[in-house]
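Inspection log for the structure reproduced underneath, given as structure tokens.
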Amino acid sequence: MIEIQNVRKSFGQLEVLKGIDLNVAKGEVVTVIGGSGSGKSTLLTCINGLEPIDSGKIIVDGTEVHAKSTDLNKLRQKIGIVFQQWNAFPHLTVLENVTLAPRKVLGMSKADAEAIAEKQLKHVGLGDKLSTHPTRLSGGQQQRMAIARALAMSPDYMLFDEVTSALDPQLVGEVLETLKMLAEEGMTMILVTHEMSFARDVSDRVAFFHQGIMAEIGAPEQIFGDPQHEETQKFLASVR
Amino acid sequence: MFDTTLSLTDVIFLAKGAGITILVTAISVVIGTVLGILFGIIRVQLGAVLAAPLTFFLDIFRSVPLLIQLVLANAFMGMVLQLQLSGFFVACMVLSLYTAAYCAEIVRGGIDAVPKTTRRAARSLGMSWGQDMRHIVLPLATRVALPSWIGLALGVMKDSALVYVVQVTELLKSTQILITRLQEPLFLLLICGAFYFIISFPLARFGGYLEKRWSND
Ligand SMILES: Nc1ncnc2c1ncn2[C@@H]1O[C@H](COP(=O)(O)OP(=O)(O)OP(=O)(O)O)[C@@H](O)[C@H]1O
Ligand SMILES: [Mg+2]
């Protein structure tokens, strides 16, 4: 379970998160929508401790992420994150991209790591690209490789930050399909997305962020069908 | 073309000089590169302000002519510290620091060229700072830095000719000794140049080979 309690975070003078409260239960799929600069990406990077917070708490399975005593490298093993930019390791093959962390972080043998990597790469439809270098892949394929790379650590949670935003339109579908598959398999996920029909499809709950505040959260039918907050209505009107 | 009095003994004498040049260069490049990587990483980690003293120290080695560094270091070691060090040792020491100073800049540039987002992706997989450095940053930085590093190594080899000022008889000094005796400057310099070329060529080719291999990845 991920518990976000009154989290505040500023970059210099700019307060980006103004007291966020959100609990995500095991198996739940929560999508986060909202305008540019509303703090969506910042929240995700706070959850796995890539960014420090100013006050409040984020607790993952009972471990307080920003406590001094927390071993972040260990915590991150169970929180996978995939970014808008797919961030392949260009000097490694697709297979090596995926086996690196299981081998070095989890201490798996090469054979074990490769077995897992192959399974995950097949899962995302890249079973025939194992020895290719990622620079030879399309954006959609690189993004799916990044998803397989995160999944190879067998995380309990997956965070996705606009993973389709940098893709050519015709490649968006294949990545969304992959995400949908994960959701159906019961992965606990927080997704930031601008794909509204996708959000409506996969989410258990949808959260709307506005200027560092979670203005509204509810079932997708409610958020998209009957938004309560004025800003939610404006935002949804603007993206339709 | 040349009617020479150069004997086999003289050629061996030149080859010995070449050997000294190779040795001084190899030692200095190896130590200088290790130190340079260390200094480069420290500079990146500390940031410009905290690393200012180190940067200043390294800038001295980059801005004072090598000849002056060699003479002053030799005098300092002998007269101030009262150490009886061989010229060879002083030469390697100064050239190593000289190499390290340039190498640190090259390493810093290489590390800076690795996208922050790539490093963040590595850390988000649970990799430690050291694992990120070892498996992601340094391999990628090496690809960026290699051409400059090859240039540096070749430069150090040519600059090593200056160590004659601390009584080390390397290739160029050996050549000058023979010129004085045989009075055949053009022919001897031609041979000397050929020696330098033979030493440099494999390194330059090796760099070209690596660059080509990596660009195919
Ligand atoms: N490292 C940083 N340093 C300074 N300011 C930052 C940093 N990261 C984000 N910001 C600022 O914080 C605000 C929130 O950024 P964030 O990336 O969380 O927004 P977002 O909701 O993800 O927006 P988008 O939809 O454009 O991705 C923005 O104004 C951004 O400029
Ligand atoms: Mg964002």
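Return yes or no: is B:Thr180 open to solvent by 30 Å² or more (accessible area, probe 1.4 Å) and part of a loop (DSSP other than H, G, I, E, B)?
Here the answer is no, as B:Thr180 does not meet what is asked.
Suppose we filter A:Ile79, A:Ile116 for residues that are on the phi < 0 side of the Ramachandran plot, away from ligand 2 (no atom under 16 Å from the Cβ), touching a residue at least 60 places away in the same chain (Cβ under 8 Å) and of a type outside the set (Asp, Glu); which single one remains? Please lay out each step first, then the result.
Numbers: A:Ile116 fails: touching a residue at least 60 places away in the same chain (Cβ under 8 Å).
The unique qualifying residue is A:Ile79.
Of a type in the set (Ser, Thr, Tyr) and surrounded by 14 or more Cβ atoms within 10 Å (Cβ to Cβ): which single residue out of B:Thr25, B:Thr4 fits that description?
B:Thr25
Can you work out which of the residues in segment B:183-217 that are of a type in the set (D, E, K, R) and either open to solvent by less than 80 Å² (accessible area, probe 1.4 Å) or under 16 Å from B:Ile22 (Cα atoms) (or both) is nearest to the other protein chains (Cβ to nearest Cβ)?
Taking segment B:183-217 and keeping what is of a type in the set (D, E, K, R), we get B:184, B:205, B:211-213, B:217.
Narrowing further to those that are either open to solvent by less than 80 Å² (accessible area, probe 1.4 Å) or under 16 Å from B:Ile22 (Cα atoms) (or both): B:184, B:217.
On the way: B:Glu184: 51, B:Asp217: 5 Å.
This residue is B:Asp217.
Can you find, within segment A:132-166, the residue that is nearest to ligand 2 (Cβ to nearest atom) among those that are open to solvent by 20 Å² or more (accessible area, probe 1.4 Å) and within 21 Å of A:Ser41 (Cα to Cα)?
A:Glu162
Would you say A:Arg149 is more than 28 Å from A:Gly218 (Cα to Cα) and modelled with pLDDT of 95 or more?
yes
Quick one: is A:Ala146 within 16 Å of ligand 1 (Cβ to nearest atom), in contact (Cβ under 8 Å) with a residue 40 or more places away in the chain, of a type in the set (A, V, I, L, M) and within 14 Å of chain B (Cβ to nearest Cβ)?
Criteria not met by A:Ala146.
If the requirement is being away from ligand 2 (no atom under 16 Å from the Cβ) and of a type in the set (Phe, Trp, Tyr), which of these qualifies: A:Phe11, A:Phe89? First the steps, then the outcome.
Details: A:Phe11 fails: away from ligand 2 (no atom under 16 Å from the Cβ).
Going through A:Phe11, A:Phe89 in turn, the sole match is A:Phe89.
Among (1) closer than 30 Å to B:Glu184 by Cβ; (2) open to solvent by 20 Å² or more (accessible area, probe 1.4 Å); (3) in contact (Cβ under 8 Å) with a residue 40 or more places away in the chain, where does B:Gly19 come up short?
The failed condition is (3).
Give the number of residues within segment B:124-142 that are crowded, with 20+ Cβ neighbours inside 10 Å and facing chain A (nearest Cβ under 7 Å).
The number of residues fulfilling the criteria is 7.
Tell me which of these A:Gln170 doesn't satisfy, since it passes every other one: (1) in contact with a helix residue (DSSP H, G or I) (Cβ under 7 Å, 6 or more places away or on another chain); (2) at pLDDT below 90; (3) more than 16 Å from ligand 2 (Cβ to nearest atom).
With respect to (1) in contact with a helix residue (DSSP H, G or I) (Cβ under 7 Å, 6 or more places away or on another chain); (2) at pLDDT below 90; (3) more than 16 Å from ligand 2 (Cβ to nearest atom), A:Gln170 is out only on (1).
Here is a list: B:Gly32, B:Gly40. Which entry is touching a residue at least 60 places away in the same chain (Cβ under 8 Å) and in contact with a Gly (Cβ under 9 Å, 6 or more places away or on another chain)?
B:Gly40
The values are calculated or read from the model by the stated rules, or taken from the named source; none is laboratory data. Since we're looking at a predicted model, the values are computed, not measured. Every residue, glycine as well, gets a Cβ built from its backbone with ideal geometry; the counts of neighbours run over all protein chains shown. To get the accessible areas, we keep the full protein, side chains included, count just its heavy atoms, and leave off ligands, DNA and RNA. Shrake-Rupley method; radii C 1.70, N 1.55, O 1.52, S 1.80 Å.
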